[in-house]
Amino acid sequence: MTTPRPETLAKLTPVLTKRWLSPDAWRIGTYEQLDGYAALRKALKAHPDDLIQLIKDSGLRGRGGAGFPTGLKWGFIPQGDGKPHYLVVNADEGEPGTCKDLPLMTHDPHALVEGVIIASYAIRASRAYIYIRGEAVHAARRLRNAVQEAYDKGYLGRNILGSGYDLELVVHSGAGAYICGEETALLDSLEGFRGQPRLRPPFPATHGLYASPTVVNNVGTIASVPPIVLGGADWWKTMGTEKSSGPMIYSLSGRVANPGQYECSMGVTLRELLELAGGMQPGHNLRFWTPGGSSTPLLAAEHLDVPLDFEGVAAAGSILGTTATQIFSDQDCPVYATYRWLEFYHHESCGKCTPCREGNYWMVRVYRRILAGQGTHEDLDTLLDTCDNILGRSFCGLGDGATSSVTSSLKYFKQDYLDYIEGRTAPKLSDKQLVGAH
Ligand SMILES: Cc1cc2nc3c(=O)[nH]c(=O)nc-3n(C[C@H](O)[C@H](O)[C@H](O)COP(=O)(O)O)c2cc1C
Ligand code: SF4
């Protein structure tokens, strides 16, 4: 196991994770001792428009995957329209490999609660929701306790800290569907309907929850708000790169010595992250990895020095996504890994549109055939053609994301596919698993 050099250790910038290891970090007493709710006191003295401007100035971009500028999103909410406004926190965290929001809510739930109050005040919402993945029972329990503690201390409810501002915060558990992380499907689910994406426009900024102006933001985005209010936009921009400001929680999983969450300045490289995480597991050499979850095109060992910010990863042909770096070695098969992800997309496809519903169904079958040693060269063209008909033609990002590992694994690891087809690699699936593959 490698020990990180001091210059690599300096890449760690614990802001959102700084309280995680404190005793009883999830309790309001600990939170208050460690700067907690100081940002709220400051924010309530400011004009809401000034808070929106502060977030714009900080350059904060959404941590949910798309990297949309947060201040701009808040600024889209029409003011003086007489309608209720809503803040909805997306705590669904369903992207395979992603594990930054659940640990945040488990270890430091008040960071999210405080961010919710400030963000709601800025967009003039008097009701906010946190939509949390149903399976995340432990995190939801911590969050609900934190919300109750915040009510008891006067940070939530009527006339918060004597400011005249009222806010009700509801923690809502979903039933556990990946599509309910897509913001419009989430809104449908929150309204009590089956979670399926809505046609846009109109966008949630004008027609969101209950057809009213709504901001949907990721947990990490909202938890970034209190430190920005306390530290200021210039301080925030001392971390990260020009267009990708601030720290980011990178989740390392797979063949790495010390998997976990590493909060670093945006633009850190995988080489540096691996050094922080003690290197690869003994006997394993890096072969391929996802920069931001399974919906982002695979990268290879040659991309170790790509800056992991929105622009750097895009320039390398992938997407920063949720910064879920899943690490695979020379002992892992990119064809099999892609097949397993496709099984997931096939299972999670909501069925609303044909390219995603049918395309994923068929691609799973083609993969089974290849992995059972019964694939043909033509199958590779079929896969690319199917991806071509899904990407950009699906109703939402789930379909697009499903094609990422298929096209990128064929780009970098075509030989692995040929080895199955031409009999050099032993089949990974048996005939029994081939039902419906032809
Ligand atoms: C299939 C699918 C699943 C998604 N899952 C999540 C999720 O679990 N959490 C999340 O914050 N964003 C998720 N998103 C992105 C949201 O639609 C939305 O962009 C995000 O919540 C906006 O917040 P942000 O601006 O703070 O990033 C998903 C998108 C798609 C297409
Ligand atoms: S792309 Fe897939 S998940 Fe999205 S609407 Fe179409 S079928 Fe549903």
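The values are calculated or read from the model by the stated rules, or taken from the named source; none is laboratory data. The structure presented is a predicted model; accordingly, all values stated were derived computationally and were not measured. Neighbour counts are summed over all protein chains in view; Cβ atoms, including those assigned to glycine, are modelled from backbone coordinates with ideal geometry. Ligands, DNA and RNA are excluded from the accessible area calculation, which covers all protein heavy atoms including side chains. Shrake-Rupley method; radii C 1.70, N 1.55, O 1.52, S 1.80 Å.
Before moving on, here are some points about what is shown:
- Residue check, G94 within 16 Å of ligand 2 (Cβ to nearest atom) and not hydroxyl-bearing (S, T, Y): yes
- Residue match in region 303-313 (condition: more than 23 Å from R63 (Cβ to Cβ), in contact (Cβ under 8 Å) with a residue 12 or more places away in the chain and either open to solvent by less than 10 Å² (accessible area, probe 1.4 Å) or not polar (S, T, N, Q) (or both)): yes
- Residues of region 356-366 that are near ligand 2 (Cβ under 7 Å from one of its atoms) and in contact (Cβ under 8 Å) with a residue 24 or more places away in the chain: C356 alone.
- Figure legend. Inter-residue proximity from region 63-78: first residues more than 14 Å from G115 (Cβ to Cβ), second residues buried (at least 23 other Cβ atoms within 10 Å of the Cβ) and small (G, A, S), beta-carbon distance below 6 Å, spacing 6+ or different chains. Indicated pairs: G65/G321.
- Of residues in region 319-331 being within 24 Å of L371 (Cβ to Cβ) and part of a loop (DSSP other than H, G, I, E, B), the one least open to solvent (accessible area, probe 1.4 Å): D330
- All conditions in (1) more than 21 Å from the chain's Cα centre (by Cα); (2) buried (at least 18 other Cβ atoms within 10 Å of the Cβ) hold for F193, with the sole exception of (2).
Residue-wise test of (1) under 23 Å from R424 (Cβ atoms); (2) more than 16 Å from ligand 1 (Cβ to nearest atom).
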{"residue": "F328", "(1), (2)": "yes, yes"}
{"residue": "Q331", "(1), (2)": "yes, yes"}
{"residue": "P334", "(1), (2)": "yes, yes"}
{"residue": "S349", "(1), (2)": "no, no"}
{"residue": "C356", "(1), (2)": "no, no"}
{"residue": "G359", "(1), (2)": "no, no"}
{"residue": "W362", "(1), (2)": "no, yes"}
{"residue": "I370", "(1), (2)": "yes, yes"}
{"residue": "L380", "(1), (2)": "yes, yes"}
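- Summed over region 241-256, residues that are of a type outside the set (S, T, Y) and either open to solvent by less than 30 Å² (accessible area, probe 1.4 Å) or within 15 Å of ligand 1 (Cβ to nearest atom) (or both) total 6.
- Filter result (of a type in the set (D, E, K, R) and in contact with an Asp or Glu (Cβ under 8 Å, 6 or more places away or on another chain)) within region 255-279: R255, R271
- Residue match in region 332-340 (condition: assigned to a helix (DSSP H, G or I), open to solvent by 20 Å² or more (accessible area, probe 1.4 Å) and either free of Cβ contacts under 8 Å to residues at least 12 places away in the same chain or away from ligand 2 (no atom under 11 Å from the Cβ) (or both)): yes
- Pair list, Cβ under 8 Å, 6 or more apart: region 171-192 residue over 15 Å from G94 (Cβ atoms) and among the acidic types (D, E), other residue open to solvent by less than 30 Å² (accessible area, probe 1.4 Å) and near ligand 1 (Cβ under 7 Å from one of its atoms): none
- Extreme residue, modelled with the lowest pLDDT, among residues of region 40-92 that are within 16 Å of ligand 1 (Cβ to nearest atom) and open to solvent by 80 Å² or more (accessible area, probe 1.4 Å): A66
- From the list R393, R369, the lone residue that is within 16 Å of ligand 2 (Cβ to nearest atom), more than 18 Å from F344 (Cβ to Cβ) and surrounded by 14 or more Cβ atoms within 10 Å (Cβ to Cβ) is R393.
- Scope region 409-435; condition closer than 19 Å to A337 by Cβ, of a type in the set (A, V, I, L, M) and open to solvent by 60 Å² or more (accessible area, probe 1.4 Å); matching residues: A426
- Residue match in region 114-129 (condition: within 15 Å of the chain's Cα centre (by Cα), open to solvent by less than 30 Å² (accessible area, probe 1.4 Å) and away from ligand 2 (no atom under 16 Å from the Cβ)): no
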